[in-house]
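Have a look at the structure below, then the notes.
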Amino acid sequence: MKTTHLPLPSPAPGMQRHLTIHEYGSGPRKAYLQAGLHADEWPGLLTLQHLMTRLEALEQAGHIHQHIVIVPFANPVGMNQRLFGKFPGRFDATTGQNFNRGMSLSIGALTHRVGHLLGPDAKQNDLQLRAAMRQLVAEKSGHYEIEALHQALLSQSIDAHLMLDLHCDDNALPHVFYGDHQRPTGTLLADSLGFAIRLEEDVRGTVAFDGSHTQPWITLAENTGKLFAEPCFAATIELRGQKDVSDALASRDAEGLLAFLEQLGFISNSNAVAQPQEGETLGINVDQVKVITSPANGLVVYHQSLGDWVEAGDLLAEIVLLDSNRPERLAVAAPTSGRLFSKTDTFLTSPGASIGMIASKDQQIQPGTQLSY
Ligand SMILES: [Zn+2]
């Protein structure tokens, strides 16, 4: 194992931050895993610690066959957001930007840079595109700390063959996001982790960190008609809810990740197995997720549990109307049928605030608009 501390630009006099990067094994293919890009999401931080313990032993036994890069905490900027005992962590305090948005490469610039270099040899095309992406990342400019953070992360990840970004929700069943053009590998990942809910998305529109790694491959292939041999597979893994930080869960998830890495040939002899799955598999497009919003100010109380299958019209929750002159509640009916897989922990809610998500079988929003906020 090799550990590097990559310095980030000083955000203020007397302050210095850095990214920690651990590397295992060597080989032409690279797997990159990070956790905590949203700095208030901590289950993945522990999962990677369990994974690192296992990778150290595998490396000593000679069972790592490719290059594996672990960034154990991806957002030292957000981790420093301590505000009156709370950890906001999701948005940059200087620009207001979501830490998991706005880092995709310009497809126009990439096409201009590499389009004319692509030919009939798919493996050569891979090398050309990875080199061009590394160049574009190195040339990224910006004054804000979040821009420097994104550049530092992408400098380690953009040429990966496999990129896994560990997140979590407020209070949720485990689930994964991946590109809808990569279903076989996405299914293998979800099966390895034992996660029943798989959300597939079109990565041609607004993308998060994961889509920033897959968007260049699919759009360049479409724009140029040229083939690639091994485009990057990327996924966002939602490790349940913010409070789901435990050795038992982290060990389980690390074993699932190891089983996946072994299936893809990065390691061998790990004895890791696919983890048991709770609940029936539900693979849908992200535009089939219905976000339920609060209709009023008040306290939300739920009448359904995580994992429940609800029918449209079922009583999902009530909003306790604290402004009323006498105790009064407003019923929130399930707007569609499906599985309730996410709830909020912010029980004091307000009009338009998300109070949950249902994985349904019907389209709920226009494709490609799920990350527009
Ligand atoms: Zn997140």
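Quick rundown of the values:
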{"item": "Long-range neighbours under 7 Å by Cβ, at least six apart or interchain, first residue assigned by TED's automatic domain parsing to the domain that holds Arg240 within the range 26-54, second open to solvent by 30 Å² or more (accessible area, probe 1.4 Å) and small (Gly, Ala, Ser)", "result": "His50/Ser251"}
{"item": "Complete set of residues in the range 82-97 that are in contact with an Asp or Glu (Cβ under 8 Å, 6 or more places away or on another chain) and at negative phi", "result": "Phe87, Pro88, Arg90, Asp92, Thr94"}
{"item": "Test for Gly25: is it more than 16 Å from the ligand (Cβ to nearest atom) and of a type outside the set (D, E, K, R)", "result": "yes"}
{"item": "Residue in the range 4-21 that is surrounded by fewer than 16 Cβ atoms within 10 Å (Cβ to Cβ), within 29 Å of Pro231 (Cα to Cα), modelled with pLDDT of 95 or more and touching an Asp or Glu at 6+ places or on another chain (Cβ under 8 Å) present", "result": "yes"}
{"item": "Criterion violated by Arg183 - all others in (1) within 17 Å of the chain's Cα centre (by Cα); (2) within 16 Å of the ligand (Cβ to nearest atom) satisfied", "result": "(2)"}
{"item": "For Ala160: the one exception among (1) small (Gly, Ala, Ser); (2) assigned to a helix (DSSP H, G or I); (3) surrounded by 17 or more Cβ atoms within 10 Å (Cβ to Cβ)", "result": "(2)"}
{"item": "Cβ pairs under 9 Å, 6+ apart, first in the range 4-16 and free of Cβ contacts under 8 Å to residues at least 40 places away in the same chain, second outside any loop (DSSP other than H, G, I, E, B) and hydrophobic (A, V, I, L, M, F, W, C)", "result": "Thr4/Leu19; Thr4/Ile21; His5/Leu19; His5/Ile21; Pro7/Leu19; Pro7/Ala152; Gln16/Leu8"}
{"item": "Filtered residues of the range 189-207 (kept if over 29 Å from Ala272 (Cα atoms) and not acidic (Asp, Glu))", "result": "Val203, Arg204, Gly205, Thr206, Val207"}
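Conditions (1) farther than 27 Å from Met357 by Cβ; (2) surrounded by 18 or more Cβ atoms within 10 Å (Cβ to Cβ); (3) within 16 Å of the ligand (Cβ to nearest atom), marked per residue:
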position: Glu222; (1), (2), (3): yes, no, no
position: Phe228; (1), (2), (3): yes, yes, no
position: Ala235; (1), (2), (3): no, yes, yes
position: Gly241; (1), (2), (3): no, yes, yes
position: Ser246; (1), (2), (3): no, no, no
position: Ala250; (1), (2), (3): no, yes, no
position: Asp253; (1), (2), (3): no, yes, yes
position: Leu257; (1), (2), (3): no, yes, no
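The values are calculated or read from the model by the stated rules, or taken from the named source; none is laboratory data. In this text the structure is predicted, and so the values were computed from the model without any measurement. Note that each Cβ is placed from the backbone with ideal geometry, even for glycine, and that neighbours are counted across all protein chains shown. To get the accessible areas, we keep the full protein, side chains included, count just its heavy atoms, and leave off ligands, DNA and RNA. Shrake-Rupley method; radii C 1.70, N 1.55, O 1.52, S 1.80 Å.
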